[in-house]
Amino acid sequence: MWLNRDIVSIGDFTKEEVMQVIEKANEMLPYASSGHPEKPLSGKVVSTLFYEPSTRTRLSFESAVFRMGGNVLGFGSLEATSVVKGETLSDTIRIVNSYSDAIILRHPSEGAARLASEFADVPVINAGDGAGQHPTQTLLDIFTIWKELGSVDGKKIGFVGDLKYGRTVHSLSKALSMFDVSLYFISPEELKIPKHIKREIDKKVPVREAKNIEEIIEELDVLYVTRIQKERFPDINEYKKVAGTYVIRPSLLTRGKRNLIIMHPLPRVNEIPPEVDSSPHARYFKQASYGVPLRMALLDLIFRGD
Amino acid sequence: MPVEKTLKIEKIGKGTVIDHIPVGRAFQVLKILNISGDAGVTVSIAVHVKSKKLGLKDVIKIEDRILDSTELNKIAFVANGATISIVENYDVIKKFTVKPPDIITGILKCSNERCITNSGENVKSSFSLISKNPLMIKCHYCEREMEIDEIIQNII
């Protein structure tokens, strides 16, 4: 099932498979800092093709490969590559396929990883395709909820901020709809969750939309915060007004449940002020740290099977 | 003068009749069947015709051309429920209702401008059928779901 499998979209996985990754990531946790004693990727070469800049995703993937005993080659910007000469993605993939045992791809076009998986014999892992899928981020988000709260089923999970363009929100909310959860979407009118995403989720789990966090903060187990980007607003004053409404202040958190956790895919700007970092609710740095064991778990499953 | 009670389009001797096309969709059906300009055969089109079943409908009759069912099922994307009659010697030899295929390749453009299939890669668009009623398809690559209005706007 897992051996040589492509990781393209969270929609390709069943709930049981998601749980299998989560449990494997938990096993990997101690090795994320010390390295896996069996070096499961020894002698293996993994390509990281990053057509768009990234900090956490690329570094955590590379760290995961090294911790598993493998080697990495690739690029993190396009200046020194044939892409600037106009090479198509499918041609690049055909070539890199012969240089490595797996390909990790980030690309600005949605569906790029699916296309790559059709041209590669080696497994392709999607590290984010434009505003589309980012399955490893989704899996690490689910791992964070599971690890920090003990389960995913039964939880009430709220998303706040830019729900229109935020791919992490789209992907995670779709994945969570496989579980027994309630989802809450809190955003300004301009940045509401797209119809086509809501349509898919609505069929499976209870969904509630709200304009402000105060309305629902007391109900939530998880508050997943995303950045509201200035460039989404034609009028800067409108941006300031809206962005100010969705700042997670410590006073707001006092109204939340004792075990409420705050997550954020990072980078954050002003939406979570630094004074929240020391709050017992803050989990966003821990969430980012789970990127390595989660990606180690996927590599282990792909290279060694179940 | 007596009120005309005959059909607006004559019966055909041989060919394909596409009936019960939702009103206003006849030209999209022709586009899907790749019939434009001089089709090389006689094509009659009736739009905004009274229909017992639909209230109003469009009808297309293509003479001397027997379309196969794969070709015809593609039109279900714009004319779900249309009735096809294959005619020979003025007799209907086969009659069926179109059904959208489970996979559709190449005849639609993905409505998502940022989809990899719209970026100059050498790849054909591909969609899978999510639901027949209401009609909904999903891009195999970017996973964007498209409803009937988007489908019609994106016929290649």
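The values are calculated or read from the model by the stated rules, or taken from the named source; none is laboratory data. Nothing here was measured: the structure is a model prediction, and the numbers come from that model. Quick reminder, even Gly has a Cβ in these numbers, built from the backbone with ideal geometry, and neighbours come from all protein chains shown.
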Any hit, region B:28-47, residues being under 30 Å from A:ALA112 (Cβ atoms) and touching a Lys or Arg at 6+ places or on another chain (Cβ under 8 Å): yes
Test result for A:THR92, under 17 Å from the mean Cα position of the chain (by Cα), assigned to a helix (DSSP H, G or I) and in the same structural domain as A:ALA297 (by TED's automatic domain parsing): no
Residue in region B:137-154 that is outside the structural domain of B:LEU30 (by TED's automatic domain parsing), at pLDDT below 95 and over 28 Å from A:LYS203 (Cα atoms) present: no
Number of the exception - A:SER278 against (1) assigned to a helix (DSSP H, G or I); (2) farther than 21 Å from A:ASP141 by Cβ; (3) small (Gly, Ala, Ser): (1)
Cross-chain or 6+ apart pairs with Cβ under 6 Å, region A:186-200 first and facing another protein chain (nearest Cβ under 10 Å), then part of a helix (DSSP H, G or I) and not basic (Lys, Arg): A:ILE197/A:HIS170
In region A:86-113, the residues that are away from chain B (no Cβ under 14 Å) and loosely packed, with under 15 Cβ neighbours inside 10 Å: A:ILE95, A:SER98, A:TYR99
Residue check, A:GLU23 of a type in the set (Asp, Glu), in the same structural domain as A:VAL122 (by TED's automatic domain parsing) and in a loop (DSSP other than H, G, I, E, B): no
Region A:114-142, subset at pLDDT below 95 and over 19 Å from A:ALA297 (Cβ atoms), residue surrounded by the fewest Cβ atoms within 10 Å (Cβ to Cβ): A:ALA131
Of all residues in region A:271-301 being touching a His at 6+ places or on another chain (Cβ under 8 Å) and aliphatic (A, V, I, L, M), the one that is nearest to A:ASN126 (Cα to Cα): A:MET296
Qualifying residues in region A:45-73 (those that are among the small types (Gly, Ala, Ser), touching a strand residue (DSSP E or B) at 6+ places or on another chain (Cβ under 7 Å) and at pLDDT 90 or above) - the one nearest to A:LEU266 (Cα to Cα): A:SER47
Test: residue in region B:18-36 that is at pLDDT below 90, buried (at least 20 other Cβ atoms within 10 Å of the Cβ) and in a loop (DSSP other than H, G, I, E, B): yes
Residue in region A:224-249 that is surrounded by the most Cβ atoms within 10 Å (Cβ to Cβ), counting only those that are in contact with a His (Cβ under 9 Å, 6 or more places away or on another chain) and not aliphatic (A, V, I, L, M): A:TYR224
Scope region A:16-33; condition closer than 18 Å to A:ALA175 by Cβ and either among the polar types (S, T, N, Q) or surrounded by 14 or more Cβ atoms within 10 Å (Cβ to Cβ) (or both); matching residues: A:GLU17, A:VAL18, A:MET19, A:GLN20, A:VAL21, A:ILE22, A:LYS24, A:ALA25, A:ASN26
Residue match in region A:143-155 (condition: at pLDDT 95 or above, within 12 Å of another protein chain (Cβ to nearest Cβ) and surrounded by 24 or more Cβ atoms within 10 Å (Cβ to Cβ)): no
Unique match (being in contact with a strand residue (DSSP E or B) (Cβ under 9 Å, 6 or more places away or on another chain) and among the acidic types (Asp, Glu)) among A:GLU219, A:GLU238: A:GLU219
Selection status of A:VAL276, touching a residue at least 24 places away in the same chain (Cβ under 8 Å), assigned by TED's automatic domain parsing to the domain that holds A:VAL152, touching a strand residue (DSSP E or B) at 6+ places or on another chain (Cβ under 7 Å) and over 22 Å from A:ILE193 (Cβ atoms): yes
Count - residues of region A:58-105 that are under 12 Å from A:LEU299 (Cα atoms) and among the aromatic types (Phe, Trp, Tyr): 2
Strands (runs of 3 or more DSSP E) contained entirely in region B:49-156, each with at least 1 residues that are buried (at least 19 other Cβ atoms within 10 Å of the Cβ): B:55-63, B:83-88, B:103-105, B:126-131, B:136-139, B:145-147
Close pairs from region B:115-138: first more than 9 Å from every other protein chain (Cβ to nearest Cβ), partner among the polar types (S, T, N, Q) and assigned to a loop (DSSP other than H, G, I, E, B), Cβ under 9 Å, at least 6 apart: B:SER125/B:ASN154; B:LYS132/B:ASN80; B:ASN133/B:ASN80; B:LEU135/B:ASN80
